[in-house]
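The values are calculated or read from the model by the stated rules, or taken from the named source; none is laboratory data. In this text, all values refer to a predicted model and were calculated from it rather than measured experimentally. For neighbour counting, all protein chains shown are included, and Cβ atoms are generated from backbone atoms with ideal geometry for every residue, glycine included.
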Amino acid sequence: MTSEIFFSYIIPTIGRASLETAIQSVLKQEFSQADFEVIVVNDSGDPLPKADWQDSPRIQIINTNKSERSFARNSGAAVAKGKYLAFLDDDDWMLPGAFENFWNVAKKCPDAVWLYGGIRIVDEQIRTLAEINSGLNGNCFAQIMGGAWAPIQASLIQARAFFEIGGFNPFICGTEDEDLCRRAAYYGEFANTPPAVACLYRGQTWTTSTNYLRAPEDTKYSRDLILSKPGVFHRLRTSADSSYWHGRVLRVYLSTISWNLKRKRLFTALSRILYSLVVFASSIPHIFARDYWAGLRAYHVPQTLHFVMEKYAHERIFREA
Amino acid sequence: MLTRAVESVLAQRLPASEFEVIVVNDSGVPLPEADWQKSDRVQIVATNRRERSVARNLGASIANGRYLHFLDDDDWLEPYAYRHLLQLSQSSEAKWLYGMTQLVDRKNKPLIQLRHGLQGNCFMQVMAGEWIPLQSSWIERNTFMKIGGFNALLAGPEDIDLLRRVLLVEKIAETRNLIAHVIMGGNGSTTDYSRHPQASRQAREQILDSSNVFHRMRSSALTPFWRGRMARVYLTSTVWNLQRRHLFTAASRISLSIASILHAGNSILAKDFWRAISGPYSSIAFEAGIGEAQRIK
């Protein structure tokens, strides 16, 4: 029996008050083309306080018992019936018209495993700090591996693909969404819709349960696991479509060399060195382009949260000075 | 069948406040009504026809207990099973507790009993094919979460893979009491890990890539036989990687094979060492059980 539900919204919560906004932004979408459900994964360890939204027939609550984010999200996915899965955090919310946009891009690209739109970053007065959309379509493995951002809050993931790639990796805590995105890019194609569909709150009162100190290490671990998969080199090469991304691919290989050396994985490091040389050799036509070196040297890729927030922080310091 | 499984848990001789039952219905259709559904110890959650591992990980994440017990819907427990395991938990710091398993055929006819005799650090033994049924085991929930739960990409050998990953970091303890009755497919000749040799090999390769594996195997390979087994693990992995043209991984495995032979010291003079290197993997407990069953016949 196949289900008729188009997508399942999975909202893990640790009991923050902002949960209400997140849920209402989903329940109040004007959308009649298909059915959807909302799965609230309460990982706080305590029952959720009573609220009106709990009476909605679309809502299902499951109580996981402090199982960490990846487990909570995978649990939500396990009970979901939708053809697509969406993951929203309890401090973010969807913008009006989001579902309409998702529906259109899903109709247009039924084979894409990852559909996404733009994301709006706002401060405490709901002022727009930035709108980000990297606009990637098709095979964008090199871009995603190289650091391009397809924010999970603004994405729909094909449920079949989600399980095929094993769901969220519980060993990566904090940047597990980026890891999932990399594995999805390895596995299938992306499709983009230009408008902003989700809102990410980054005001001064913003707090997070994410341990960002772990993020750089987790990112390297995630990339290294993926680089060990078969056919990666070929897929990276076919998706690197400009000098910038050729430089970026080389950076991906180079950065895992030291990671493996530090862990005394000498043979893997040797293999990565060899691949770096091959990547370099195959990108020789690009080495006179400035973009190539820009890609190789840049710490963050444009149209990512870090890039934008760094710029914003600079401006604020400048303003205050 | 499911009713028998659930009722065997509800009938445990243990205060009801000590345990809960989570039924993960992965059938895609609602469960037929049954008396046990009225018990306030039972919680039912429906998954939408996912793999076993996904369903079990979901059950684990909503569980409140200190220990997790995974029972399949066609198996059942001894009435005192939980009490034995609880007692064991009070005297042991091991994170994986287990007891004996009675294998039965499809007609519920007893086949053999499994006595494993694994205690403490047994990483080497489980890497070489020893296997303990989940049905007879308690796994500490924190440990389960820490090692990432069941590998959702493995269909078939996910139980032995979990056991290996737990024993890579933790210890195991055994109680000499019968815990569970487990139905074996066919004539009782197949086990989970031999049913899916390809997936099983891949899972073991992933474990060999983890850190501290060499050291952990060495410290659990204390006899010439197990030292031979250790060399065999790396040698077979070398061949497997060569066949798949993972040349650098193969090079790493061959150097670890040589290292494990060098570390074996005097053991290489023992006949057992060479028997272990050349012989195929098997579960000693399983073979002992079959041998006993044939003797009784």
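Here is a list: A:Y244, A:Y292. Which entry is more than 13 Å from chain B (Cβ to nearest Cβ), of a type outside the set (D, E, K, R), surrounded by 21 or more Cβ atoms within 10 Å (Cβ to Cβ) and more than 17 Å from A:C140 (Cβ to Cβ)?
After applying the criteria, what remains is A:Y292.
Scan region B:89-101 and tell me whether some residue there is surrounded by fewer than 20 Cβ atoms within 10 Å (Cβ to Cβ), under 14 Å from B:L167 (Cα atoms) and touching a residue at least 24 places away in the same chain (Cβ under 8 Å).
yes
Please determine, by comparing only the residues of region A:77-113 that are at the interface with another protein chain (Cβ under 9 Å from one of its Cβ atoms) and in a helix (DSSP H, G or I), which one is nearest to the chain's Cα centre (by Cα).
A:A77
Which residue pairs have Cβ atoms closer than 8 Å, lie 6 or more positions apart in sequence or on different chains, and pair a first residue in region B:277-289 that is among the β-branched types (V, I, T) with a second residue that is assigned to a helix (DSSP H, G or I) and buried (at least 16 other Cβ atoms within 10 Å of the Cβ)?
Correct list of pairs: B:I277/B:G228; B:I277/B:R229; B:I277/B:A231; B:I277/B:R232; B:I277/B:L235.
Which of the residues spanning region A:268-289 are crowded, with 19+ Cβ neighbours inside 10 Å and within 14 Å of chain B (Cβ to nearest Cβ)?
A:T268, A:A269, A:S271, A:R272, A:Y275, A:S276
Cβ-Cβ distance below 7 Å, separation of 6 or more or different chains: which pairs start in region B:34-49 with a residue that is on the phi > 0 side of the Ramachandran plot and end on one that is outside any helix (DSSP H, G or I)?
B:R49/B:D26; B:R49/B:G28
For region B:51-151, which fully contained helices (runs of 4 or more DSSP H) count at least 1 residues that are farther than 27 Å from B:A288 by Cβ and not assigned by TED's automatic domain parsing to the domain that holds B:L222?
B:52-62, B:81-91, B:141-146
Of the residues that make up region B:223-242, is at least one at pLDDT 95 or above, surrounded by 20 or more Cβ atoms within 10 Å (Cβ to Cβ), polar (S, T, N, Q) and within 19 Å of B:L167 (Cβ to Cβ)?
yes
Identify the residue in region B:207-248 that is free of Cβ contacts under 8 Å to residues at least 24 places away in the same chain and among the polar types (S, T, N, Q) and, among all such residues, is nearest to the other protein chains (Cβ to nearest Cβ).
So the residue we want is B:S211.
Go through region A:16-34 and give me each residue that's within 15 Å of A:I61 (Cβ to Cβ) and in contact (Cβ under 8 Å) with a residue 60 or more places away in the chain.
Result: A:L19, A:A22, A:V26.
Do you know which of the residues in region B:43-55 that are more than 7 Å from every other protein chain (Cβ to nearest Cβ) and either of a type in the set (F, W, Y) or touching an Asp or Glu at 6+ places or on another chain (Cβ under 8 Å) (or both) is nearest to B:T3 (Cα to Cα)?
Result: B:Q43.
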